[in-house]
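Following: one structure in structure tokens, then a few remarks.
Throughout, read-outs are computed from the coordinates displayed, never taken from laboratory work. All values reported here derive from a predicted model rather than from experimental measurement. Heads up, the Cβs are rebuilt from the backbone with ideal geometry, glycines too, and the neighbour counts pull from every protein chain shown.
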Amino acid sequence: MTRERWRRGEASVPRAFTATLSHPSAVGVPKRRARGVPGAMANTVLLLLVLYVAIYGLRYVVLGQWAWIPMLAASFEMRPRAISLHALGGSVALISGWLQLRPLLRRRWPRVHRGVGWLYVAASLIGGGAGIWLAAHSLGGWVTHVGFGLLGVGAVGASLTTAVLAVRGDQAGHRRWAIRSYALWLSAVTLRLELPLLFAAFGREMGYALVSWMCWAPNVAVAEWLLRRRVRPG
């Protein structure tokens, strides 16, 4: 009976085979390879920027006053320890935060992920706490005091929230707040990208006042947009 059906072409094709034909990814053909290449390039560019800014920040720890910017040297001289703590914590947070957002690290080495996560939180508390103190004495008056101050409070608060949610086992919430926290720390990168342009367009005093907000507010907006884009109804 089965032979006759095969001869007449009436035998049904196995469902697994039809599923393979309709879904090439089932046999190992990546459907989104084209998207993966731009994503890998973006991650590489981000890593290079993070490494550059982190190494730049560590100069303040290693070289001390020899690395200070002339425009801010007078302020730094009054609180050198806070500058070193802020630079050290921020540099460690930038590098460890980039590692934490790699899915491969979470999947293959969860213990390493947790260890690096606690390092990130500690660095955020040190760098962010020193940043809050420095913001109160920043050049530019109340505009920069509030702008950099909110950045420091946000970085510390978001990092603590990330840790608390991880301890509670809320992985979805933990990842959302980790993205928010790292978006705030990436202000160190955006500040150095924006500052020359703002100086050229508005002068040093106004440019510095603007960057105290523009270095982090767009980062938060982009992070929230990405998070809302991931959570789509249906």
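Return a yes/no flag: does region 161-170 have any residue that is out of contact with any His (no Cβ under 9 Å at 6 or more places or on another chain), more than 26 Å from residue 63 (Cα to Cα) and of a type in the set (Gly, Ala, Ser).
Yes, that holds for at least one residue.
Quick one: which residue in 198, 226 is surrounded by fewer than 17 Cβ atoms within 10 Å (Cβ to Cβ) and out of contact with any Ser or Thr (no Cβ under 6 Å at 6 or more places or on another chain)? Lay out the reasoning, then the answer.
Details: 198 fails: surrounded by fewer than 17 Cβ atoms within 10 Å (Cβ to Cβ).
The conditions single out 226.
Scan (1) more than 25 Å from the chain's Cα centre (by Cα); (2) surrounded by 20 or more Cβ atoms within 10 Å (Cβ to Cβ) for the single condition residue 120 breaks and write down its number.
(1)
Can you say whether residue 78 is surrounded by fewer than 14 Cβ atoms within 10 Å (Cβ to Cβ) and touching a helix residue (DSSP H, G or I) at 6+ places or on another chain (Cβ under 8 Å), as far as the supplied structure shows?
Values: surrounded by fewer than 14 Cβ atoms within 10 Å (Cβ to Cβ): yes; touching a helix residue (DSSP H, G or I) at 6+ places or on another chain (Cβ under 8 Å): no.
So residue 78 does not fit the description; no.
Out of curiosity, is residue 208 under 22 Å from residue 230 (Cα atoms) and crowded, with 19+ Cβ neighbours inside 10 Å?
On the way: under 22 Å from residue 230 (Cα atoms): no; crowded, with 19+ Cβ neighbours inside 10 Å: yes.
Considered against the rule, which asks whether it is under 22 Å from residue 230 (Cα atoms) and crowded, with 19+ Cβ neighbours inside 10 Å, residue 208 comes out as no.
Just one of 115, 90, 97 is in contact with a Ser or Thr (Cβ under 8 Å, 6 or more places away or on another chain) and either assigned to a helix (DSSP H, G or I) or crowded, with 20+ Cβ neighbours inside 10 Å (or both); which is it? Quick ask: steps written out before the conclusion?
Working: 115 fails: in contact with a Ser or Thr (Cβ under 8 Å, 6 or more places away or on another chain); 90 fails: in contact with a Ser or Thr (Cβ under 8 Å, 6 or more places away or on another chain).
Within the list 115, 90, 97, the selection yields 97.
Given the criterion closer than 28 Å to residue 99 by Cβ, surrounded by fewer than 16 Cβ atoms within 10 Å (Cβ to Cβ) and touching a helix residue (DSSP H, G or I) at 6+ places or on another chain (Cβ under 9 Å), identify the matching residue among 172, 136. Steps first, please.
Details: 136 fails: closer than 28 Å to residue 99 by Cβ.
From the options 172, 136, the qualifying one is 172.
Hey, residue 72 hits all of (1) under 16 Å from the mean Cα position of the chain (by Cα); (2) farther than 17 Å from residue 151 by Cα but one; which does it fall short on?
All conditions are met except number (1).
Checking the condition farther than 19 Å from residue 212 by Cα and free of Cβ contacts under 8 Å to residues at least 12 places away in the same chain, which residue from 105, 125 passes?
The unique qualifying residue is 105.
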